[in-house]
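Engineer: Encoded as structure tokens, here's the structure I'll be asking about.
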Amino acid sequence: MASWARQVSRWCCLLQSARAAEFPGRLSGRSSTTQACRGFTLLPSRNDVLPWRWQAYRHVSVGSCSPSGSAKDGSVSSPESTLPSPVKQEQAKTETLPDLNAKILYEDWDDIPPSSALEEISEEEAVQIVAEPLLPLQSSTLRDYVDHSETLAKLVHLGVDLSQVEKRQKAGQLLLTLDFEKDIRKILLFLKDVGVEDNQLGPFLTKNPYILAEDLEALETRVAYLKSKKFGKAEIAQMVSRAPYLLLFSVERLDNRLGFFKNELGLSVKKTKDLVIRLPRLLTGKLEPVKENLQVCQIELGFQRNEIQEIVFKTPKILTASKKRLKQTFDYLHNIMGIPHHMLTHFPQVFNSKLLRIKERHMFLTFLGRAQYDPAQPSYISLDQLVSLPDEVFCTEIAKASIQDFEKFLKTL
């Protein structure tokens, strides 16, 4: 339709130019019979009024049409004779129109496109017609917008999982409002400069798409703060990769978190730094579970403050573990197996093991008469040997039995 409209407009312009070329001749023929008077304008008749009459009107207006005093025969002089010299020159210019080539006009008429939308077209023309899919007004998934958004398409190519991003509050709306070149590229370059690997950019943005809306200067300030606390470049890269939300925290909040763990646990600056390097989500997670687990260790499990410091430093995950699981594991180790506090403090990694695994192996050793956890006694079995070894190695080296015997025993439980 747009091509048809442009063609029609071109024909109209050509037709107007052709009729304008005939207009000055008709105008000269009428000038001898037109009554001249001061203050009026020579205009074509009503039948000759066309869309271009205003241009003709501007150039044919007469400044003074009163009869000449030198005319002795009573005849009225032509309006052109009374025009000032500059106006005559301008009129001459406007009346000099280029001749039109009729052949070109006819050739233009030959290029007429189909005048009806119902007119049949060939199969080749039909195949060339591309119908763009409509953009959905609203959708519950970002998948419907990928074909319409260059930003989403590039993020998918980068490895971002949009199905996970859209589950996060307002994250999908955020991505639809961002421009890849203007908003996202600078953040990607910043993350690469921090130390995030290329193959980790997609998973990183999947977990934390909100960083794309952060101010670049604020992000650089937070990294500079970590460097001022003597965190190395590799350590910062490790922390940012393992805790994607870390750089969303302001400098003040990061400083408060570091101060909390230093003061609450009584750790030195170096040990506090080592603690958050090994488990950087301590800086981004909630502090309430951490406080509750510290109270459980001290009040309900009976560990001393110095023992808690050693346990936390060796096994930081104990600060974010389930309180119920923590108490159940301690109850079995301490009250059923008879493991004292100082041994649990020496190997706190046992709290990260599954309670079922501990029960199965302890019961099998008890069945074989080899459940000995006292280091002063012969055939001593450490907690590390109990929970860390694979089943085959545990059976052959610790239990002195075959894996088939262990599997048969488990079926009796």
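Engineer: I want the local charge near residue 158. Using Cβ-Cβ distances under 13 Å, sum +1 for each Lys or Arg and -1 for each Asp or Glu among the other residues.
Structural biologist: Local net charge: -1.
Engineer: Of 294, 342, 306, which is farthest along the charge dipole of the range 286-345 in the positive direction, counting Lys and Arg as +1 and Asp and Glu as -1 at C-beta?
Structural biologist: Of the listed residues, the answer is 294.
Engineer: Another question, then. Can you give the FRET efficiency to the nearest 0.05 for residue 198 and residue 253, using r as the Cβ-Cβ distance and R₀ = 25 Å?
Structural biologist: 0.30
Engineer: Under 16 Å from the Cα of residue 314, which lysines turn up, not counting those fewer than eight places away in the same chain?
Structural biologist: Hits, sequence-local ones excluded: 262, 270, 271, 273.
Engineer: Between residue 397 and residue 292, what length comes free when the chain is fully extended (0.36 nm per residue of separation minus the Cα-Cα distance, one decimal in nm)?
Structural biologist: Roughly 33.9 nm would be gained on extension.
Engineer: Per 0.36 nm of contour for each residue apart, how much would the distance between residue 404 and residue 270 grow if the chain were fully extended, relative to their Cα-Cα spacing?
Structural biologist: Working it through step by step, the gained length comes to 43.4 nm.
Engineer: Can you give the charge dipole size of the range 173-285 about its Cα centre, rounded to the nearest 20 debye, using +1 on the beta carbon of Lys and Arg and -1 on the beta carbon of Asp and Glu? Write out the running numbers ahead of the final one.
Structural biologist: Values: 19 positive and 15 negative charges, 135 e Å.
My answer is approximately 640 debye.
Engineer: In a shell of Cβ-Cβ distance under 12 Å around residue 191, excluding residue 191 itself, what net charge do Lys and Arg (+1) and Asp and Glu (-1) give?
Structural biologist: Counting the neighbours of residue 191, the net charge comes to -2.
Engineer: Among all the lysines, which ones have a C-alpha under 18 Å from residue 154's C-alpha, if same-chain residues fewer than 8 places away are not counted?
Structural biologist: Excluding near neighbours in sequence, the set is 182, 186, 192, 207.
Engineer: Take peptides 233-245, 171-183 and line them up by average Cβ neighbours within 10 Å, highest first, as a rough protection proxy.
Structural biologist: Answer by packing, highest mean first, reads 233-245, 171-183.
Engineer: So how do 404-410, 260-266 stack up, highest first, on mean other-Cβ count within 10 Å?
Structural biologist: With the highest mean Cβ count within 10 Å placed first, the list reads 260-266, 404-410.
Engineer: Which residues does the label zone of residue 189 cover in the range 207-242, counting backbone N under 19 Å from a point 7 Å along Cα→Cβ?
Structural biologist: In the range 207-242, the label zone of residue 189 (backbone N under 19 Å from the point 7 Å along Cα→Cβ) covers 211-224.
Engineer: So, one more: Once the other residues with Cβ under 9 Å from the Cβ of residue 296 are scored (Lys, Arg +1; Asp, Glu -1), what is the net sum?
Structural biologist: Every neighbour counted, the sum reads 0.
Each value in this text was obtained by applying a stated rule to the coordinates, not by laboratory testing. Quick caveat: nothing in here was measured; it's all calculated off a predicted structure. Using ideal geometry, Cβ is built from the backbone for each residue, glycine included, and neighbour counts are taken over all protein chains shown.
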